[in-house]
Amino acid sequence: MPTPDFVLALRAKVGNDPLWLPGVCAVVLRPLAEPTEVLLVRRSDDGTWTPVKGIMDPGEEVGQAAIRECLEETGVQIEVDRLVNVGIIGPVHYDNGDVTTYLEHTVRASWVAGEPCVGDDESIDAGWFPLEDLPGPIPPADLAQIEVAVTNPRDVVLGGLPR
C-alpha cells in the first residue's frame, strides 16, 4: 500500500518534521499450539524478510490493524492471539527528508485461511518458513520479535527487545 492518506495530510501540514505514528507487527504462526512455521514477507525496498508490518489507521485497534495488514499484504486471514511486545522504532530518516518514529505493537497471531501471495508493492515475496530454517537476511529486531512471539510469554514486553 502507498503511504496512507492521513499521513500525507499530516505531512502537508508539518513537512518533514518528525511524526510519531502507531504501527503493528504481526508474527503469524502455523500451527499456533506448537508453531513450526512463520509467515514472512520480503520487503521491496531493501530485500530483507520481516513479519507483516504496517501503520495503524486513525482509531484502529491493534488486532484490527494486524488482521487488515496481513490480508492486504499477503492474502492470509489470521486470528490475533495476544499482544507480545510494545516498543519504539526510529527515528527513521527517509530519502525524501521525512522523519518518523513508530510505536510498534507486536502481536502473536495464528493462521486461519489463505496461502501467502504478494498483495502490494511493499513486498516482492511472501511465504511460510520453518522456524528452524528462516530465510535471510532478517533484521535482528525482527528476529527478536519472532522469538518473543514463539516462546509464548504470558507478559507483554515493554521496550525490552534489542533494536
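Within region 16-56, the residues that satisfy the criterion of being farther than 17 Å from P135 by Cβ and free of Cβ contacts under 8 Å to residues at least 12 places away in the same chain are A33, E34. Restricting region 37-48 to residues that are not in a strand (DSSP E or B) and not polar (S, T, N, Q) leaves a set whose member that is modelled with the lowest pLDDT is D45.
Let's see how each residue does on (1) part of a strand (DSSP E or B); (2) not acidic (D, E):
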{"residue": "A9", "(1), (2)": "no, yes"}
{"residue": "D17", "(1), (2)": "no, no"}
{"residue": "L21", "(1), (2)": "yes, yes"}
{"residue": "V28", "(1), (2)": "yes, yes"}
{"residue": "L32", "(1), (2)": "no, yes"}
{"residue": "P35", "(1), (2)": "no, yes"}
{"residue": "K53", "(1), (2)": "yes, yes"}
{"residue": "D57", "(1), (2)": "no, no"}
{"residue": "Q64", "(1), (2)": "no, yes"}
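What about V7, is it more than 26 Å from D133 (Cβ to Cβ) and surrounded by fewer than 18 Cβ atoms within 10 Å (Cβ to Cβ)? For V7, the condition - more than 26 Å from D133 (Cβ to Cβ) and surrounded by fewer than 18 Cβ atoms within 10 Å (Cβ to Cβ) - is met.
With respect to the stated conditions, V80 fails to be closer than 25 Å to L10 by Cβ, touching a helix residue (DSSP H, G or I) at 6+ places or on another chain (Cβ under 8 Å), of a type in the set (A, V, I, L, M, F, W, C) and buried (at least 18 other Cβ atoms within 10 Å of the Cβ). Flag not set for I55, criterion: surrounded by fewer than 17 Cβ atoms within 10 Å (Cβ to Cβ) and either touching a Ser or Thr at 6+ places or on another chain (Cβ under 9 Å) or of a type in the set (V, I, T) (or both).
Does at least one position in region 98-106 carry a residue that is surrounded by 14 or more Cβ atoms within 10 Å (Cβ to Cβ), in contact with a Ser or Thr (Cβ under 9 Å, 6 or more places away or on another chain) and over 21 Å from S44 (Cβ atoms)? Scanning region 98-106, I find no residue that is surrounded by 14 or more Cβ atoms within 10 Å (Cβ to Cβ), in contact with a Ser or Thr (Cβ under 9 Å, 6 or more places away or on another chain) and over 21 Å from S44 (Cβ atoms), so the answer is no. In the set V148, V86, V112, only one residue is among the β-branched types (V, I, T), surrounded by 13 or more Cβ atoms within 10 Å (Cβ to Cβ), modelled with pLDDT of 95 or more and closer than 15 Å to A26 by Cα; that residue is V112.
Taken over region 19-43, the residue count meeting the criterion of being over 20 Å from E115 (Cβ atoms), of a type outside the set (F, W, Y) and loosely packed, with under 14 Cβ neighbours inside 10 Å is 2. Among the residues of region 57-85, those identified as within 16 Å of P4 (Cβ to Cβ), acidic (D, E) and in contact (Cβ under 8 Å) with a residue 40 or more places away in the chain are D57, E69, E72, E73.
The values are calculated or read from the model by the stated rules, or taken from the named source; none is laboratory data. Since this is a predicted model, take the numbers as computed values, not measurements. Glycine also receives a Cβ, built like all others from the backbone with ideal geometry; neighbour counts cover every protein chain displayed.
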